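Take a look at the structure set out below.
The values are calculated or read from the model by the stated rules, or taken from the named source; none is laboratory data. Because the structure is predicted, anything quoted here is derived from the model rather than measured. Cβ coordinates were reconstructed from backbone atoms using ideal geometry, including for glycine residues, and neighbour counts include every protein chain displayed. Side chains included, ligands, DNA and RNA excluded: accessible areas come from the protein's heavy atoms. Shrake-Rupley method; radii C 1.70, N 1.55, O 1.52, S 1.80 Å.
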Amino acid sequence: MRKHVLILSVFVIFCGFSASAVNFSRVNVAWQYDLDFSVKMSHRVVKEGGGFFVLLSVSSDSVVSWEYELLVQDGYESETHRTIQPQVIDTLLNVGGQVMVRLLFNQIEENLLVVKFSKPESFYYYDIPLKIGSLSYPSIYPVDERGMPILEKFINRSGSSWRGSDTLLAMQYAEKFPPADPPMADMKPLAPQVNLDTSFVFVAKSDFIENHFYVVRKDSLASVGVTMLRVPPYFPEYRQLGELIESMLYLTSEQEKKAMLKSRNPKESFDSFWMNTYSTKARARGAIRRYYNWIEETNKLFTDFKPGWKTDRGMMYIVFGRPNEVYRTGNSEEWFYDEGPAFEFTIISTFFAPKTYSLRRSKDLEEQWYTQIAAIRRGIR
């Protein structure tokens with residue numbers, strides 16, 4: 001095996017071994033939401049013939065100091081798992097602490113692939129679902145200008161190339177989804193209803209319009225596709241005044257936000273809000289920096305067919321911060337904080353996304369929400 005894939009040569013010594021599975025309802029995976037964690041992983045699953053391959057990116061200042069192992073099991077709460085060896089490991093990128101590999105597998109019956117990475121006295125798990133409900137993943141995927149696979153769920157440039165088929169079908173929708181409903185609001189439908197703008201066939205390379213999302217399929221008969229949100233070049237940051245005001249919703253009231261947008265001078269109204277809330281320029285600047293860092297982080301973590309800050313998980317991350325503990329099952333995810341709050345998200349499938357996370361609301365949550373918003377506006381968080 002080539003030297004630059006040695007970090008993956010320790011994946012498995014043999015395969016077929018069965019042992020107690022990784023029970024994700026008891027294993028804390030909060031590290032996946034910590035952008036300062038020493039290891040970052042992302043992936044994309046692609047169908048290929050009777051099998052599939054996983055495009056896996058591993059970023060770390062010390063990539064080679066970790067040992068890696070691949071496990072497969074039936075689901076998030078399975079009783080047993082087995083180790084597995086890819087048929088082929090191709091290194092696509094190895095630069096600056098980032099390694100991207102293509103792991104080719106034959107048909108696997110289990111539904112969950114788990115990457116275990118460890119050092120002496122510490123180990124972590126990264127979960128990769130191998131099916132979309134009862135369906136397999138599509139055989140197409142986008143690539144950037146270097147030909148490297150795009151593992152994010154957004155594209156921040158107009159032209160994007162695709163692999164897996166010469167001719168592809170794109171279904172275009174305007175991204176007009178409202179932000180997540182705060183706990184005290186009436187919930188909107190879990191599966192959003194949007195009208196198709198247009199559909200078109202393209203050959204290998206697409207031109208997508210900003211602030212629209214696209215479901216790309218191999219053809220009209222394909223049962224699954226790839227959803228990509230077309231965003232501005234500076235995303236996951238926000239820089240335009242309208243974006244900055246719109247994403248203040250969790251900190252302001254709807255009336256305050258509308259007043260800013262309708263003001264004769266929205267920039268002056270924007271500045272006045274922060275000054276009036278935080279009293280001094282220094283405190284206001286610090287609050288602005290913190291808040292829009294949270295917006296950027298949620299856009300990195302949770303963007304799907306809409307920006308991450310608009311999602312239920314993004315909303316709770318912005319208001320309550322990164323969870324200290326995260327546990328998963330096949331249809332839910334639970335967040336816990338050292339200070340006491342705990343939240344549960346129900347996972348549903350939609351046409352646009354295999355997993356959509358919906359916050360379970362309660363009276364206690366409403367009270368915690370108001371308390372936390374008040375703390376943010378006092379500059380405590």
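Residues checked against (1) surrounded by 19 or more Cβ atoms within 10 Å (Cβ to Cβ); (2) within 23 Å of Arg26 (Cβ to Cβ):
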| site | (1), (2) |
| --- | --- |
| Thr298 | yes, no |
| Asn331 | no, yes |
| Tyr337 | no, yes |
| Thr350 | no, no |
| Lys355 | no, yes |
| Trp369 | yes, no |
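At least 3 residues being more than 27 Å from Gln193 (Cα to Cα) and of a type outside the set (A, V, I, L, M, F, W, C) is the threshold, and among the helices (runs of 4 or more DSSP H) wholly inside region 275-381 those reaching it are 281-302, 363-377. Leu103 meets each of the listed conditions (1) surrounded by fewer than 17 Cβ atoms within 10 Å (Cβ to Cβ); (2) assigned to a strand (DSSP E or B) apart from (1). A count restricted to region 280-296 and to residues that are hydrophobic (A, V, I, L, M, F, W, C) and open to solvent by 40 Å² or more (accessible area, probe 1.4 Å) stands at 2.
Among the residues of region 203-210, are any open to solvent by 20 Å² or more (accessible area, probe 1.4 Å), among the basic types (Lys, Arg), out of contact with any His (no Cβ under 6 Å at 6 or more places or on another chain) and without any contact (Cβ under 8 Å) to a residue 12 or more places away in the chain? Explain how you work it out, then say what you get.
Going through region 203-210, the residues open to solvent by 20 Å² or more (accessible area, probe 1.4 Å) turn out to be 203-205, 207, 209-210.
When the remaining residues are screened for being among the basic types (Lys, Arg), the result is 205.
Among the residues that remain, those that are also out of contact with any His (no Cβ under 6 Å at 6 or more places or on another chain) are: 205.
Filter once more, so that each one left must be without any contact (Cβ under 8 Å) to a residue 12 or more places away in the chain: none.
No, there is no match, as no residue in region 203-210 is open to solvent by 20 Å² or more (accessible area, probe 1.4 Å), among the basic types (Lys, Arg), out of contact with any His (no Cβ under 6 Å at 6 or more places or on another chain) and without any contact (Cβ under 8 Å) to a residue 12 or more places away in the chain.
Looking only at region 285-293, decide whether some residue is out of contact with any Pro (no Cβ under 7 Å at 6 or more places or on another chain) and within 20 Å of Asn28 (Cα to Cα). No - not one qualifying residue is present in region 285-293.
The residues in region 167-181 that are in contact with a strand residue (DSSP E or B) (Cβ under 6 Å, 6 or more places away or on another chain) and either touching a residue at least 40 places away in the same chain (Cβ under 8 Å) or open to solvent by 30 Å² or more (accessible area, probe 1.4 Å) (or both) can be counted, and the count is 8.
Contact map, region 358-381: residues that are more than 21 Å from Arg290 (Cα to Cα) paired with residues that are of a type in the set (Asp, Glu) and open to solvent by less than 60 Å² (accessible area, probe 1.4 Å), Cβ distance under 8 Å, separation 6+ or inter-chain. Pairs shown: Ser358/Asp312; Leu359/Asp312; Leu359/Glu344; Arg360/Glu344.
Would you mind stating whether Ser199 is touching a residue at least 60 places away in the same chain (Cβ under 8 Å), out of contact with any helix residue (DSSP H, G or I) (no Cβ under 6 Å at 6 or more places or on another chain) and among the small types (Gly, Ala, Ser)? For Ser199, the condition - touching a residue at least 60 places away in the same chain (Cβ under 8 Å), out of contact with any helix residue (DSSP H, G or I) (no Cβ under 6 Å at 6 or more places or on another chain) and among the small types (Gly, Ala, Ser) - is not met. Entry remark, region 245-279: residues being out of contact with any Asp or Glu (no Cβ under 9 Å at 6 or more places or on another chain), open to solvent by less than 20 Å² (accessible area, probe 1.4 Å) and closer than 15 Å to Ala180 by Cα number 4 in total.
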